[in-house]
Amino acid sequence: MRFKRIFLMVLDGLGVGETNDASNFGDVGANTLGHIKEKYDLFVPNLKKIGFLDTLNMNEDKDVEAYYSIAKPNNAGKDSLNGHYEMMGIKNNIPFRTFNSGFSTELISTIEQLTGRRVIGNKCCIDNLSIINELGERQQNYGSLIVYTSADSDLQIAAHEDNIPISTLYKYCEKIRAITLREEWRVGRVIARPFNGTPGNYKLINSSRRDYSVKPPEKSVLDSLIANKYNVIGIGKINDIFDGQGINKSIKASGNGEAINKFIDIMDKNFTGLCMVNLSDFDSLYGHTRDGEGYSKAIEELDVDIPIILNKLENDDLLIITADHGNDPTFKGNDHTRENVPVIMYSRNLKEAKRLEPFDTLADIGATIADNFEVDEPKFGVSILDELE
């Protein structure tokens, strides 16, 4: 074992340019980081030092302090589940479905039959609070369910806790989770969104949000780590993405700021294994809403935390920074974009920082982690541990 602790930071939706198969997804020309940098005069001196901006063109840069490269997605979709699955060595050949125009009449009818309640909403909405403010009073008056989706593969159900107890909302979500595993719907996550308050002053009860995901289709690197008694710590939505599979400590976090703070707290702990954090704001708050200015500010805020994170690393720690897919805020629509993702690897004991050849799959990250901890390497992906000199 070369590194006692590996810290994996996933910048949700922060791609670095179109993939070779971008035309299959209607995403030719997408470049999340590149377009933000061009349009908003991105100032990220600390990320620049570790090669983050060099992932845009993969030019040789001898002034960096980390290894840098890109990873090419090799999966059937461009959503968070597919990206994270691949990262941990699972190749998923069947993409989860997205529902940018709302759900089918058949699915809505089935939900109404299962719950005995009328469904309202049934549309794509990125801002959770806006649809609750729009339909909350109606939901209270009729005891209905607000059903909507973001541009991801999800089905979200909101209800006021005074109308529908949270425990009842959870039961509805469990039933809906079961039926949406069918091939014709294949929803990645069902999300319970309880809220409270009064018309014009509704508030989400974020502490009672509950995600009903789907178990990974096969064993991942996380499972191998757990089987060999290593710690696997998930911060943010990591536990939800893997439906708890392969995670032995889950830490909730709402937004990038809280996730980074909890990530930094874990760096002060003595453990052996993997700590994985997802920074979801890039995707949910700025990518899907096509808020490029907000996206640029979020990247700059991360940049401020980079020196703190690097200084927390021990000599036998490895930090990996990457992404799961793209979400170009300057691109058409509000969906994810099919892009390559950055890969940054930093450790205090690396003798030479340099460019690495592009990874043929995100699974090379998982294979490298498995190789380091001497556990079963995934069937998918190749370790580059020996290249980290």
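The values are calculated or read from the model by the stated rules, or taken from the named source; none is laboratory data. Only a predicted model underlies this, so the values are computations on that prediction, with no experimental measurement involved. All Cβ positions, glycine included, derive from the backbone under ideal geometry; neighbour counts span all protein chains shown.
Number of residues in segment 112-159 that are surrounded by 19 or more Cβ atoms within 10 Å (Cβ to Cβ), acidic (Asp, Glu) and not in a loop (DSSP other than H, G, I, E, B) equals 1. Of the candidates ASP54, ASP27, the single residue that is assigned to a loop (DSSP other than H, G, I, E, B), crowded, with 16+ Cβ neighbours inside 10 Å and either in contact (Cβ under 8 Å) with a residue 24 or more places away in the chain or in contact with a strand residue (DSSP E or B) (Cβ under 8 Å, 6 or more places away or on another chain) (or both) is ASP27. Entry remark, segment 212-240: residues being under 25 Å from LYS4 (Cα atoms), touching a residue at least 40 places away in the same chain (Cβ under 8 Å) and in contact with a Ser or Thr (Cβ under 9 Å, 6 or more places away or on another chain) number 8 in total.
Given the conditions (1) closer than 30 Å to ILE247 by Cα; (2) in the same structural domain as ALA151 (by TED's automatic domain parsing), which single one is not true for TYR67? Tallying (1) closer than 30 Å to ILE247 by Cα; (2) in the same structural domain as ALA151 (by TED's automatic domain parsing), TYR67 fails exactly one: (2). Whether any residue in segment 192-212 is crowded, with 19+ Cβ neighbours inside 10 Å, in contact with an Asp or Glu (Cβ under 8 Å, 6 or more places away or on another chain) and more than 25 Å from GLU258 (Cα to Cα) is what I want to check. Checked against the condition, which is being crowded, with 19+ Cβ neighbours inside 10 Å, in contact with an Asp or Glu (Cβ under 8 Å, 6 or more places away or on another chain) and more than 25 Å from GLU258 (Cα to Cα), segment 192-212 yields no hits at all.
When restricted to residues that are within 17 Å of TYR85 (Cβ to Cβ) and either without any contact (Cβ under 8 Å) to a residue 12 or more places away in the chain or of a type in the set (D, E, K, R) (or both), segment 340-389 contains 5. Among the residues of segment 331-374, which ones are assigned to a loop (DSSP other than H, G, I, E, B), at pLDDT 95 or above and under 21 Å from GLU314 (Cβ atoms)? Those that are assigned to a loop (DSSP other than H, G, I, E, B), at pLDDT 95 or above and under 21 Å from GLU314 (Cβ atoms): SER347, GLU374. Taking first residues from segment 293-319 that are over 10 Å from ARG348 (Cβ atoms) and at pLDDT 95 or above and partners that are acidic (Asp, Glu) and in a helix (DSSP H, G or I), the Cβ contacts under 6 Å between residues at least 6 apart in sequence or on separate chains come to ALA298/ASP281. Go through the residues of segment 282-297 one by one and say whether even a single one is in contact with a strand residue (DSSP E or B) (Cβ under 6 Å, 6 or more places away or on another chain) and either among the hydroxyl-bearing types (Ser, Thr, Tyr) or in the same structural domain as GLY255 (by TED's automatic domain parsing) (or both). Looking for residues that are in contact with a strand residue (DSSP E or B) (Cβ under 6 Å, 6 or more places away or on another chain) and either among the hydroxyl-bearing types (Ser, Thr, Tyr) or in the same structural domain as GLY255 (by TED's automatic domain parsing) (or both), one finds at least one in segment 282-297, hence yes. Listed by first and then second residue, the pairs with beta-carbon distance under 9 Å, at least 6 apart or on different chains, first residue in segment 187-211 and on the phi < 0 side of the Ramachandran plot and hydroxyl-bearing (Ser, Thr, Tyr), second surrounded by fewer than 18 Cβ atoms within 10 Å (Cβ to Cβ) and assigned to a strand (DSSP E or B), are TYR202/ASN196. Are any of the residues in segment 63-71 closer than 25 Å to THR289 by Cα, modelled with pLDDT under 95 and either of a type outside the set (Val, Ile, Thr) or touching a strand residue (DSSP E or B) at 6+ places or on another chain (Cβ under 9 Å) (or both)? Within segment 63-71, not a single residue is closer than 25 Å to THR289 by Cα, modelled with pLDDT under 95 and either of a type outside the set (Val, Ile, Thr) or touching a strand residue (DSSP E or B) at 6+ places or on another chain (Cβ under 9 Å) (or both).
Hey, which of the strands (runs of 3 or more DSSP E) in segment 172-286, taking only ones fully inside, have at least 3 residues that are of a type outside the set (Phe, Trp, Tyr) and farther than 30 Å from GLN113 by Cβ?
Values: elements: 189-198, 201-204, 210-212, 231-235, 249-251, 273-279.
Strands (runs of 3 or more DSSP E) meeting the threshold: 231-235, 249-251, 273-279.
Checked against (1) of a type outside the set (Val, Ile, Thr); (2) surrounded by 24 or more Cβ atoms within 10 Å (Cβ to Cβ); (3) over 21 Å from LEU274 (Cβ atoms), GLU106 passes all but condition (2).
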